[in-house]
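Novice: This is the structure, below, for whatever I ask next.
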Amino acid sequence: SGAYVPFQAVATQNQTAGRGRMGRSWENPPGLGFAMSIALPVLAGASNVGLHSLLVGSAVLSFLRRQGASKAQMKWPNDILVGGRKISGILCEMTPSGFVVAGIGINLFHAENQLPIQESTSLAVEGVHVDDVHEFTHDLVQSLAKVWAAAENSDAKWSKLLSPSIGTLGERVKVVETQVHSWEGLAEGLNDDGHLLVRSFQDGILRTVVAADVLHLRQ
C-alpha cells in the first residue's frame, strides 16, 4: 500500500505473526509485549535502510532510557539490550513510495518466566512500570519525529550522528557470518553507510561488517 502518511503508526499488544531478522518469528503472549509499525520519510542523507534502522534504534534507545531503563544500550544493528539481555528489536523496510516502515517490538509487562527468549528482559523486569500504553505509544512516536527532524537538519556525517548511541562500539565482539563461520575482534566504529568496523583479533585487519549477527563477548 503506497498511501503512507509520515509518522502514522499502528500499535498492538497482541502480535501473533511478527518477523525478526533473518526470517525469525517474533511472537508475544497477548497483552505483555508492544509492537508498533510506523511510516518514516526516507532521509535524503541516508543511503540505505540500515542507516534508517540505526536511527530508529537510537530514538528507541533514548526513549527507553527516559522511561527509566537507564542502563539500556544499543547493539548494532538493531537490538536494544539491558544488562546484555534484549528488551527491544527493530526491523525496517523501504517502500518504493519514499518511506521506511519501521517495526518496533518492546517487551513491556513480561515477568521473568514469561519472556519470549532466554537472554531477554522487559521493562517490568527492569522495574519500569508503564501505566498507559496509549501515552507510551504517543511519546514514542513523538520521539521518532524529533529524531527525524534533527537528522534532516544535521550536516554531520551519519556515522558521527549515530556513534554515541551504539553500545557495541568499543566492545569485544563475535561476528557470526554463517552457522560454521565466525570470528572475533574489537568493534572500532561505523562507516558512513552505518556498517560496523571490527578489527580482527586474529590478523589485526579492520573489516567492514555489512550483515551478520554480532554478539558482545563477556568481558
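The values are calculated or read from the model by the stated rules, or taken from the named source; none is laboratory data. What you see is a predicted model; the values in this text were computed from it and never measured. Every residue, glycine as well, gets a Cβ built from its backbone with ideal geometry; the counts of neighbours run over all protein chains shown. Heads up: the accessible areas ignore ligands, DNA and RNA and are worked out on the full protein's heavy atoms, side chains in. Shrake-Rupley method; radii C 1.70, N 1.55, O 1.52, S 1.80 Å.
Novice: With respect to GLU93, determine if the residue is over 25 Å from LEU162 (Cα atoms), open to solvent by 30 Å² or more (accessible area, probe 1.4 Å) and outside any loop (DSSP other than H, G, I, E, B).
Specialist: Values: over 25 Å from LEU162 (Cα atoms): no; open to solvent by 30 Å² or more (accessible area, probe 1.4 Å): yes; outside any loop (DSSP other than H, G, I, E, B): yes.
So GLU93 does not fit the description; no.
Novice: Considering only residues that are over 17 Å from GLY167 (Cα atoms) and more than 19 Å from the chain's Cα centre (by Cα), look in segment 188-207 and name the one that is most open to solvent (accessible area, probe 1.4 Å). Let's see the steps before the verdict.
Specialist: We begin by selecting, within segment 188-207, every residue over 17 Å from GLY167 (Cα atoms); these are 192-193, 200-207.
Going one step further and asking which of them are more than 19 Å from the chain's Cα centre (by Cα), we end up with 200-207.
On the way: SER200: 8, PHE201: 96, GLN202: 171, ASP203: 76, GLY204: 37, ILE205: 85, LEU206: 74, ARG207: 79 Å².
Looking at the filtered set, the residue picked out is GLN202.
Novice: Right, another one. If a residue must be β-branched (Val, Ile, Thr) and surrounded by fewer than 20 Cβ atoms within 10 Å (Cβ to Cβ), how many such residues does segment 36-68 contain? Walk me through it before giving the result.
Specialist: We begin by selecting, within segment 36-68, every residue β-branched (Val, Ile, Thr); these are 38, 42, 49, 56, 60.
From what is left, the residues that are surrounded by fewer than 20 Cβ atoms within 10 Å (Cβ to Cβ) are 42, 49.
Summing the residues that are β-branched (Val, Ile, Thr) and surrounded by fewer than 20 Cβ atoms within 10 Å (Cβ to Cβ) in segment 36-68 gives 2.
Novice: Cβ-Cβ below 8 Å, separation at least six or inter-chain, first residue in segment 202-217 and touching a residue at least 12 places away in the same chain (Cβ under 8 Å) and assigned to a strand (DSSP E or B), second surrounded by fewer than 12 Cβ atoms within 10 Å (Cβ to Cβ) and not basic (Lys, Arg): which pairs?
Specialist: What qualifies is ASP213/MET22.
Novice: Moving on. Taking the stated definitions as given, is ARG218 over 19 Å from LEU54 (Cα atoms), out of contact with any strand residue (DSSP E or B) (no Cβ under 7 Å at 6 or more places or on another chain), open to solvent by 60 Å² or more (accessible area, probe 1.4 Å) and among the basic types (Lys, Arg)?
Specialist: Details: over 19 Å from LEU54 (Cα atoms): yes; out of contact with any strand residue (DSSP E or B) (no Cβ under 7 Å at 6 or more places or on another chain): yes; open to solvent by 60 Å² or more (accessible area, probe 1.4 Å): yes; among the basic types (Lys, Arg): yes.
Spelling it out, ARG218 is indeed over 19 Å from LEU54 (Cα atoms), out of contact with any strand residue (DSSP E or B) (no Cβ under 7 Å at 6 or more places or on another chain), open to solvent by 60 Å² or more (accessible area, probe 1.4 Å) and among the basic types (Lys, Arg).
Novice: Specify the residue that is most open to solvent (accessible area, probe 1.4 Å); the eligible residues are those in segment 141-186 that are among the β-branched types (Val, Ile, Thr) and farther than 19 Å from GLY50 by Cβ. Let's see the steps before the verdict.
Specialist: Narrowing segment 141-186 to residues among the β-branched types (Val, Ile, Thr): 141, 147, 166, 168, 173, 175-176, 178, 180.
Next, from what is left, pick out any that are farther than 19 Å from GLY50 by Cβ: 141, 178, 180.
Working: VAL141: 24, THR178: 70, VAL180: 142 Å².
So, considering only residues that are among the β-branched types (Val, Ile, Thr) and farther than 19 Å from GLY50 by Cβ, the one most open to solvent (accessible area, probe 1.4 Å) is VAL180.
Here is a yes/no grid of residues against (1) at pLDDT 95 or above; (2) of a type in the set (Lys, Arg); (3) under 17 Å from LEU64 (Cβ atoms); (4) touching a Lys or Arg at 6+ places or on another chain (Cβ under 9 Å):
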residue: ALA124; (1), (2), (3), (4): yes, no, yes, no
residue: GLY127; (1), (2), (3), (4): yes, no, yes, no
residue: LEU161; (1), (2), (3), (4): no, no, no, no
residue: GLN179; (1), (2), (3), (4): no, no, no, no
residue: TRP183; (1), (2), (3), (4): yes, no, no, yes
residue: ASN191; (1), (2), (3), (4): no, no, no, no
residue: GLY194; (1), (2), (3), (4): no, no, no, no
residue: THR208; (1), (2), (3), (4): yes, no, no, no
